[in-house]
1. Filter region A:29-49 for residues that are of a type in the set (Phe, Trp, Tyr) and assigned to a loop (DSSP other than H, G, I, E, B) and give the result.
2. Going by the structure shown, is B:LEU110 outside any loop (DSSP other than H, G, I, E, B), farther than 21 Å from A:GLN2 by Cα, more than 13 Å from chain A (Cβ to nearest Cβ) and more than 10 Å from the chain's Cα centre (by Cα)?
3. I want to confirm something. Restricting to region A:1-28 and keeping residues that are assigned to a loop (DSSP other than H, G, I, E, B) and of a type in the set (S, T, N, Q), which single residue is modelled with the lowest pLDDT?
4. Take A:SER54 and decide whether it is in contact with a helix residue (DSSP H, G or I) (Cβ under 8 Å, 6 or more places away or on another chain), away from chain B (no Cβ under 11 Å) and assigned to a loop (DSSP other than H, G, I, E, B).
5. So the check is Cβ under 8 Å with 6+ separation or different chains; which pairs have a first residue in region B:50-63 that's more than 15 Å from B:GLU75 (Cα to Cα) and a second one that's assigned to a loop (DSSP other than H, G, I, E, B) and open to solvent by less than 70 Å² (accessible area, probe 1.4 Å)?
6. Before we move on, is B:ARG55 open to solvent by 60 Å² or more (accessible area, probe 1.4 Å), more than 10 Å from every other protein chain (Cβ to nearest Cβ) and outside any loop (DSSP other than H, G, I, E, B)?
7. Restricting attention to region A:30-42, does a residue exist that is touching an Asp or Glu at 6+ places or on another chain (Cβ under 9 Å) and more than 19 Å from A:GLN10 (Cβ to Cβ)?
8. Report, by residue number, each residue of region A:8-54 that is open to solvent by 60 Å² or more (accessible area, probe 1.4 Å) and over 24 Å from A:SER84 (Cβ atoms).
Amino acid sequence: AQSVTQLDSQVPVFEEAPVELRCNYSSSVSVYLFWYVQYPNQGLQLLLKYLSGSTLVKGINGFEAEFNKSQTSFHLRKPSVHISDTAEYFCAATTGGGNKLTFGTGTQLKVEL
Amino acid sequence: DAGVTQSPTHLIKTRGQQVTLRCSPKSGHDTVSWYQQALGQGPQFIFQYYEEEERQRGNFPDRFSGHQFPNYSSELNVNALLLGDSALYLCASTLTSYPYEQYFGPGTRLTVT
């Protein structure tokens with residue numbers, strides 16, 4: 001069985017500051033990892049994914065994440081946030097083959113002026 | 001290219017009633033998954049359909065059932081509704097092959113009173 005833990009339920013940050021949203025996973029087999037963003041009253045939009053290869057992956061809207069196998073982490077980062085980044089962010093894992101996604105409980109990013 | 005679509009957008013039902021939610025996958029996708037997202041939580045996997053068969057199932061009771069049609073669209077049925085079934089129901093479509101990305105629809109907000 002696999003599980004995903006998002007360590008912070010809320011992260012407040014000032015505009016133009018850097019941010020890191022933390023995600024740890026556990027799995028007995030290899031996993032593929034994803035970050036999704038959810039704006040109020042909307043579905044989930046894929047930010048980025050790690051499938052294999054380079055451990056640093058870049059996504060949309062200036063976000064990037066680093067896969068760390070030894071620490072079983074997949075933290076999301078952005079060097080300079082904008083007000084429009086205010087949303088809920090979900091880390092998710094799957095064992096592949098289009099299998100089910102296991103989600104973390106989400107991190108609410110609130111960007112303030 | 002149309003993405004994943006879901007209907008209806010919102011729905012209000014009474015305890016004990018039955019409900020049917022609908023999903024059309026992204027063009028070219030053959031696999032549909034359903035997730036339940038309770039308020040303030042991450043999405044929870046309900047089940048997945050591929051080639052008109054239930055391929056995987058999460059930890060949900062038999063009151064939750066589904067169907068996939070030859071055009072790959074899908075329905076989620078919930079019988080004997082409980083107050084705890086109030087949630088955002090998300091449909092996701094994917095190909096069961098690399099790169100394993102699941103694309104989500106906007107969701108159906110179900111309120112059970």
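The values are calculated or read from the model by the stated rules, or taken from the named source; none is laboratory data. A quick note: this is a predicted structure, and the numbers were derived from the prediction, not measured. All Cβ positions, even for glycine, are placed from backbone atoms using ideal geometry, and neighbour counts span all protein chains on display. These area figures cover heavy atoms from the full protein model, side chains too; ligands, DNA and RNA do not enter into them. Shrake-Rupley method; radii C 1.70, N 1.55, O 1.52, S 1.80 Å.
1. Within region A:29-49, A:TYR39 is the sole residue that qualifies.
2. Yes, satisfied.
3. Residue satisfying both the conditions and the ranking: A:SER28.
4. no
5. Sorted first by the residue in region B:50-63, then by its partner, the pairs are B:GLN56/A:ASN99.
6. no
7. Yes, because at least one residue in region A:30-42 is touching an Asp or Glu at 6+ places or on another chain (Cβ under 9 Å) and more than 19 Å from A:GLN10 (Cβ to Cβ).
8. Passing the criteria: A:SER28, A:VAL29, A:SER30, A:SER52, A:SER54.
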